[in-house]
Amino acid sequence: MLRRIKMRLAQRRDTKKVAQLFRELDHNLSLKDLVDLIQNKRVVLFKKKQKTLGAFSFAKIGIGIFTLLYVRKLVVDKEFRRRGLGGRMLKKLARFAHRRRADGFFLWSRASAKSFYRKNKLKSWWRIFWKWVD
């Protein structure tokens, strides 16, 4: 199931599915804000064939020699949880950050997800988790 997972930037036609995923984390998510993120190429989907397995949104912070990706939202579809997909997504996210010439990425964790990030060897301070990329 987890082989051949592809990452691609979300497109306007993906708005409904992305909204469904992100509203699990943010019930007050504005559709206008989501469309802006998609149009600005700030939402990435994880897909296998025609199924959307998960997504994340990001912002690039910093300029020049020190740049980080701030992962705003990272979510796996309920249907695909507890199958190792989240860990695979984090590895792909690290490669994505590297391709974007970022030194690493960081995110703010929900209290319920802290053990997941620790299990996947992200560094932490309180509820902020990060990973440096080579």
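Before moving on, here are some points about what is shown:
- Amide H contacts of Leu53 (H built 1.01 Å from N, in plane; Pro and chain starts excluded): Phe46, Lys47, Lys48 sit under 5 Å, all sequence-distant by 5 or more or on other chains.
- Three-way shape label, the chain, alpha-carbon gyration tensor, a/c 1.5: rounded
- q = 0.20, 0.27 Å⁻¹: log10 I(q)/I(0) that the Debye formula gives for region 71-134, counting C-alpha atoms only: -0.79, -1.33
- Ranked by how many other Cβ atoms sit within 10 Å of their own Cβ, fewest first, the residues Ser109, Ser30, Ser124, Ser57 fall in the order Ser30, Ser124, Ser109, Ser57.
- Here the Karplus curve 6.51 cos²θ - 1.76 cosθ + 1.60, taken at θ = phi - 60°, turns the phi angles of region 78-84 into couplings of 3, 4, 10, 6, 6, 10, x Hz, with x standing for Gly and Pro.
- Separation of the alpha carbons by more than 31 angstrom is noted, of Lys32/Lys123; Lys32/Lys119; Lys92/Lys114; Lys17/Lys119, for Lys32/Lys123; Lys32/Lys119.
- Look at the alpha carbon pairs under 8 Å that are at least 6 residues apart: their mean separation over the length of region 6-132 gives a relative contact order of 18 percent.
- Backbone HN-Hα couplings from phi across region 54-68 [Karplus 6.51/-1.76/1.60, Hz, Gly and Pro as x]: x, 7, 8, 10, 8, 9, 9, 10, x, 9, x, 7, 10, 9, 10
- Estimated vicinal HN-Hα couplings, Hz - region 90-97 in sequence order (Karplus 6.51, -1.76, 1.60; Gly, Pro = x): 5, 5, 5, 5, 5, 5, 4, 4
- Computed from the Kirkwood radius of its Cα pairs, the Stokes-Einstein diffusion coefficient for region 1-78 at 25 °C and 0.890 mPa s stands at 187 µm²/s.
- Cα-centre dipole for the chain with unit charges at Cβ (Lys and Arg positive, Asp and Glu negative), debye to 20: 720 debye
- Longest DSSP-loop-exposure-free segment, chymotrypsin sites (Phe, Trp or Tyr not before Pro), the chain, at most 14 other Cβ within 10 Å: 1-65
Values quoted throughout were computed directly from the atomic coordinates according to the rules given, and no laboratory measurement underlies them. None of the values given here were measured: they were computed from a predicted structure. Counting neighbours? That spans all protein chains shown, and the Cβs are built from the backbone with ideal geometry, glycine included.
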